[in-house]
Amino acid sequence: MKILIIDDDIALCTLIKNHLEKGDDECVCLYDLDNVSTRVKEAQPDIILLDIGFEGDDGVWALPTIENAAPFASIIFITSHTESSEMVRALNAGGNYFVRKPLQMNELTAIINSQKRNLITNNPAISISSFIFNRKNQTLSDGNITHQLTAFESRLLNLLAMNRGNAVMRKEIYQHLWKNDDYTAASLNNLVCHLRDYFPPESGVEIETIWGMGYKLTVKE
């Protein structure tokens, strides 16, 4: 499994990397948030250890950019801040876990292992009728044409596919895709239209509008 460590403390990054690579994990270190989107995409991590405090920058502020680059990665914040308000801020922004420094390596390993159980890494591809949706690579293929999905398209399709045959409420979709960021109904409508374009009528795959509620993905066998 690939773990990306983003922290400006080079010594700590090296310590974490050496500890985790004693197992089967591969670790990559970034020491700042410069051009973070491109660098995260290049790393393709499954888990990200993200510091909050950077000189002149903030890991929580950078989280939306990082999530767009790796939408299915698990985010574990690591920080020397002790205030509960910082923990709340990090988790409300979309972090999966929060660990305070100084780190206890056995505790960090246990947390990472708990996140691994919730990841899609071991089962990245799911079938939707004749289509294969690779959630890690963010691609949708019917065997002939492969579409590269955006991060938001991938998140929405994954949510609908995981609830196949059941309506997903708009409120749940808004929270899942945008968390606390600004959004509009038009943003979601546009995403749904884009996804529908990938499934021609003869495919048997339909994203239904459940009026006043949300959307439902159905597959006609």
Screening ALA161, ALA186 for residues that are farther than 20 Å from ILE66 by Cα, of a type in the set (A, V, I, L, M, F, W, C), over 21 Å from the mean Cα position of the chain (by Cα) and modelled with pLDDT under 90 leaves only ALA186
Restricted to the range 3-29 and to residues being of a type in the set (Val, Ile, Thr) and in contact (Cβ under 8 Å) with a residue 24 or more places away in the chain, the residue farthest from LEU63 (Cα to Cα) is ILE16
Filtering the range 163-195 down to residues that are among the hydrophobic types (A, V, I, L, M, F, W, C), surrounded by 12 or more Cβ atoms within 10 Å (Cβ to Cβ) and in a helix (DSSP H, G or I) yields ILE173, LEU177, TRP178, LEU188, LEU191, VAL192, LEU195
Is it the case that the range 76-93 has a residue that's touching a Lys or Arg at 6+ places or on another chain (Cβ under 8 Å), within 14 Å of ILE6 (Cα to Cα), in contact (Cβ under 8 Å) with a residue 60 or more places away in the chain and not in a helix (DSSP H, G or I)?
yes
Checking LYS101, LYS17, LYS22, LYS41 in turn, the sole residue that is touching a helix residue (DSSP H, G or I) at 6+ places or on another chain (Cβ under 6 Å) and outside the structural domain of GLU153 (by TED's automatic domain parsing) turns out to be LYS41
For the range 5-24, the count of residues that are loosely packed, with under 12 Cβ neighbours inside 10 Å and assigned to a helix (DSSP H, G or I) equals 3
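The values are calculated or read from the model by the stated rules, or taken from the named source; none is laboratory data. Small disclaimer: the values here were computed from a predicted structure and weren't measured. Cβ atoms come from the backbone with ideal geometry, glycine included; neighbour counts cover every protein chain shown.
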